[in-house]
Amino acid sequence: MTEAAAPPLPAATKAPNWRRLCLGALPVVLPVALAVQCHGSVMDWLSASELWAQRSALDAPASLGGAEWRVVSLQRVAERPDGSSVALLRLEAKVLDAEQVAQLPCRIALLGPDGRRWQPGFLLPSEVRRALRRDQNEGKSCGPAFLGKPAAGSTVAITESFVLPSPAFPTVDVTISLPGSRPRYLRFVRH
């Protein structure tokens, strides 16, 4: 019997070097994983931050977040013995889109030229009564004013009170931000 030729042996294949493949994939995989993990956090941060101001003159109306906003008055109501001022801010918001404007929380603040920010505060009724007349609508603070989802076309009166240093009062701007418009916000600037 003749010997049959043995089938040729396959060429030696080199096993992949997994360590090199993994190291080579890291520059691609890490940024993708980071983007996937941080996407929600970045979106939450943007929706909670006020980054880009839409400037308007203090005496001019401006639109933001489904409403046309107008500063009715910003006045110093009282001086405290500690050198601070009590300020009362009155706003009107003409509702253009009831669903968008009813998203809470809305934020109203006074912003100084140096970046200091004053949030609304609770005042004693005696301090607020000095500025309010019986014939004027006192208005509500921003949150409760929009809780009832006012109808489109209606005008909502908002009143906020602030305590800030007396020297800062003449230079402060009024800022308004709503969840539907963040990171943009409205800044009424004094000229």
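Structure summary
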quantity: Region 160-189, subset assigned to a strand (DSSP E or B) and farther than 23 Å from Arg55 by Cβ, residue least open to solvent (accessible area, probe 1.4 Å); calculated: Ser161
quantity: Residue pairs meeting the criteria (Cβ under 6 Å; at least 6 apart or on separate chains; first free of Cβ contacts under 8 Å to residues at least 40 places away in the same chain, in region 73-86; second open to solvent by less than 40 Å² (accessible area, probe 1.4 Å)); calculated: Ser73/Arg90
quantity: Any hit, region 129-143, residues being of a type in the set (Asp, Glu), at pLDDT below 90 and part of a loop (DSSP other than H, G, I, E, B); calculated: yes
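The values are calculated or read from the model by the stated rules, or taken from the named source; none is laboratory data. Here the structure is a predicted model, which means the values were calculated and not measured. Please note: Cβ atoms are built from the backbone with ideal geometry, for glycine as well, and neighbour counts cover all protein chains shown. Keep in mind that these areas ignore ligands, DNA and RNA; they rest on the heavy atoms of the full protein, side chains included. Shrake-Rupley method; radii C 1.70, N 1.55, O 1.52, S 1.80 Å.
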